[in-house]
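Please read the structure below before turning to the comments.
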Number of protein chains: 2
Amino acid sequence: MNPAVFADALLNQIKHTHYGDHPPELYDPIRYIMDLGGKRLRPLMTLLATYLFTDEWQKALKPAVAVEVFHNFTLMHDDIMDQAPLRRGQPTVHEKWNHNIAILSGDVMLVNAYELLLDVETPILKQVLARFNRTAAEVCEGQQLDLNFETRDDVTEAEYIEMIKLKTSVLLGFALELGGLIACAVDSSVAHLREGGINIGIGFQLKDDLLDVYGDPIKFGKQVGGDIIANKKTFMLIEALEKADGPIKTELLGWLNRTEFDKAEKVEAVTRIYDTLGIRQIAETRINQYFACGFANFEQVVAEPARKALLIDFATQLVQRES
Amino acid sequence: MNPAVFADALLNQIKHTHYGDHPPELYDPIRYIMDLGGKRLRPLMTLLATYLFTDEWQKALKPAVAVEVFHNFTLMHDDIMDQAPLRRGQPTVHEKWNHNIAILSGDVMLVNAYELLLDVETPILKQVLARFNRTAAEVCEGQQLDLNFETRDDVTEAEYIEMIKLKTSVLLGFALELGGLIACAVDSSVAHLREGGINIGIGFQLKDDLLDVYGDPIKFGKQVGGDIIANKKTFMLIEALEKADGPIKTELLGWLNRTEFDKAEKVEAVTRIYDTLGIRQIAETRINQYFACGFANFEQVVAEPARKALLIDFATQLVQRES
């Protein structure tokens, strides 16, 4: 099976998804954010997980879109909370329309996600929804923790990992779990898929933090150092705040507290502090640990090797990404 | 059966509902808004509808709470959009905490509503959720229409009725429908309950608009004329804008456009315009029509007369309310 078959079928399914019509102010923003694109990682993971156990992977198409719609609902509401002007280089919904429309369109997107999930077969519906409810609540919990961390300078590594696990990784775990449930895989394989998705997800987010500092400016796509400029509480900064003391700590806090600065100078200075403290190595070690755990989880899933190779290849691309 | 039994069981169920714990910023606002009270009309309607057909009305308790949680989720988000400082005389969630927390707590409340609905028995789960999804989307559509109407001066009566049907009445319809579905009532009775709930709901909202102008200040509880002071696009104002012409139209528009005015003077003047145009009679006629339709719908429901009397009595209280 060529993996492009899954991507094509998924994009076609997204293109033909109907969200609603009237009033247009409510439904246009849903079409807008869904059309902004993105890598569609989560729904592809659902399709790959279904195909591990059955040829009938197409019955996972609508539920896979549910996961993507839910993900974009969280982006629409998070962008309000973060006052983000741009999403994938285009104006965010609250900028293009207004705050109220972004709140209300997001609400109806969440309802749309539930409606798409209703497409799973009746015997698994209750279990799928119970798992989705738990996941959705955890994603909200992660976002709230992220908001709480903004005003704290003493966030520990463990707290940070817990936050990104909730905010980002549990949805990757659910995307894989959902595929397993749709394919009626045995419970242990479903659980390993979920755990694997969570571990890969944590590694994925930590790699995001690493690439912001040490990414190749040509390959990265975004501005290298964007998190440093914005004082974003990433793994790198949290680790540096934990490790630094003496004059280095003073210098780091100085850069965090300065309101007027040359951006390039700040990025260079903070990167030098990270170098001195060995943050890059710490981050790379952690990332490799989580990715290794994820692959070990996938090892335990009982499925045909050729099919498992598709999932492993997909996860490997996530691991090796440079952007 | 004493109707207080339903209310007691419901309040007890609400009191023992668990929404989540960590982080507290996410879950405290849910407990706060649910504890503000209110008449609990919707979940009581679910219990009464279940009891029409079965003694096992207690199995509707958790789904009934789902309806109340959903209703309060819409209040939490509507209060942000309306910039409302108070809800039931207490600070709104976005005032007591902040906007971001009100958005995110509301999101997780919607997830909580779905989780409570999972308590219905498996054979009806898909149908209940499909109907709930449609209802939830319609409530959002109604809120968006309401927001759109704020900046329009040419809203017709038909458009206004459609808006309040979506924003308010379909949820009353669903509350009754849900009870019928849980009790495994025949399809026709479930449909009549739903239609009856919608019609009573429209009459109920129109009565709200009427009482704002012509309510007894002692019985009404809120300030009489509050909608007039705020230029709120109620049935009364929309009807008056449709009916008025010549100097009366000029006077009405004058009051709408004035930014500085004596509140009592404006309420008195606009009420006099409504008197002249016969808006009170038009409103009372419409209200009676919708209530009569609702009771005719309930007539068609096949159930034991003594049980139906409980629902009819409940609806009659809604009809005759003075506050």
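For region B:232-243, does any single residue satisfy the condition of being open to solvent by 90 Å² or more (accessible area, probe 1.4 Å), within 19 Å of the chain's Cα centre (by Cα) and within 23 Å of B:Gly215 (Cβ to Cβ)?
Looking for residues that are open to solvent by 90 Å² or more (accessible area, probe 1.4 Å), within 19 Å of the chain's Cα centre (by Cα) and within 23 Å of B:Gly215 (Cβ to Cβ), one finds at least one in region B:232-243, hence yes.
If the condition is being under 16 Å from B:Asn72 (Cα atoms) and either β-branched (Val, Ile, Thr) or assigned to a loop (DSSP other than H, G, I, E, B) (or both), then region B:21-45 contributes B:Ile30, B:Ile33, B:Leu36, B:Gly37, B:Gly38, B:Lys39, B:Arg40. Just so you know, in region A:1-57 the residues that are of a type outside the set (Gly, Ala, Ser) and touching a Gly at 6+ places or on another chain (Cβ under 6 Å) include one that is nearest to the other protein chains (Cβ to nearest Cβ), and it is A:Tyr27. Taking each residue of region B:299-321 that is open to solvent by less than 40 Å² (accessible area, probe 1.4 Å) and looking for partners that are among the basic types (Lys, Arg) with beta-carbon atoms closer than 8 Å, six or more apart or interchain, yields B:Val301/B:Lys308; B:Val319/B:Lys207; B:Arg321/B:Lys207. Annotation: of all residues in region B:79-97 being open to solvent by 20 Å² or more (accessible area, probe 1.4 Å) and polar (S, T, N, Q), the one that is farthest from A:Leu104 (Cα to Cα) is B:Gln90.
Inside region A:254-267, residues that are closer than 16 Å to A:Ala230 by Cβ and either assigned to a helix (DSSP H, G or I) or of a type in the set (Val, Ile, Thr) (or both) make up a count of 9.
Return the residues of region B:62-78 that are touching a strand residue (DSSP E or B) at 6+ places or on another chain (Cβ under 9 Å) and open to solvent by 10 Å² or more (accessible area, probe 1.4 Å); say none if nothing qualifies. B:Leu75, the sole residue that qualifies. Inclusion of A:Gly106 among residues that are more than 10 Å from chain B (Cβ to nearest Cβ) and crowded, with 21+ Cβ neighbours inside 10 Å is not warranted.
Flag: A:Ala64 matches the condition of being within 23 Å of A:Leu166 (Cα to Cα) and either modelled with pLDDT of 95 or more or part of a loop (DSSP other than H, G, I, E, B) (or both).
Looking only at region A:135-161, residues that are facing chain B (nearest Cβ under 7 Å) and either more than 20 Å from the chain's Cα centre (by Cα) or of a type in the set (D, E, K, R) (or both) come to 1 in all. The C-beta contact set for region A:112-134 (first residue facing chain B (nearest Cβ under 8 Å) and without any contact (Cβ under 8 Å) to a residue 40 or more places away in the chain, second residue buried (at least 20 other Cβ atoms within 10 Å of the Cβ) and of a type in the set (D, E, K, R), distance under 8 angstrom, 6+ apart or interchain) comprises A:Ala130/B:Glu115; A:Asn133/B:Glu115. Set side by side, the residues A:Phe204, A:Phe174 differ, and just one is within 14 Å of another protein chain (Cβ to nearest Cβ) and of a type in the set (Phe, Trp, Tyr), which is A:Phe174.
Within region A:185-235, can you find the residues that are touching a Phe, Trp or Tyr at 6+ places or on another chain (Cβ under 7 Å) and part of a loop (DSSP other than H, G, I, E, B)? If the condition is that a residue be touching a Phe, Trp or Tyr at 6+ places or on another chain (Cβ under 7 Å) and part of a loop (DSSP other than H, G, I, E, B), then A:Ala185, A:Lys233 are the ones that fit.
Filtering region A:1-19 to residues that are touching a residue at least 40 places away in the same chain (Cβ under 8 Å) and either touching a Ser or Thr at 6+ places or on another chain (Cβ under 8 Å) or open to solvent by 10 Å² or more (accessible area, probe 1.4 Å) (or both) leaves A:Met1, A:Pro3, A:Ala9, A:Gln13, A:Ile14, A:Thr17, A:Tyr19.
Mind checking which helices (runs of 4 or more DSSP H) fall wholly inside region A:91-162 and carry at least 1 residues that are under 15 Å from A:Asn72 (Cβ atoms) and in contact with a Cys (Cβ under 8 Å, 6 or more places away or on another chain)?
Those helices (runs of 4 or more DSSP H) span A:99-117.
The values are calculated or read from the model by the stated rules, or taken from the named source; none is laboratory data. Everything numeric here is computed off the predicted structure, so don't read it as measured data. Quick reminder, even Gly has a Cβ in these numbers, built from the backbone with ideal geometry, and neighbours come from all protein chains shown. Please note that ligands, DNA and RNA were not included when accessible areas were found on the heavy atoms of the full protein model with its side chains. Shrake-Rupley method; radii C 1.70, N 1.55, O 1.52, S 1.80 Å.
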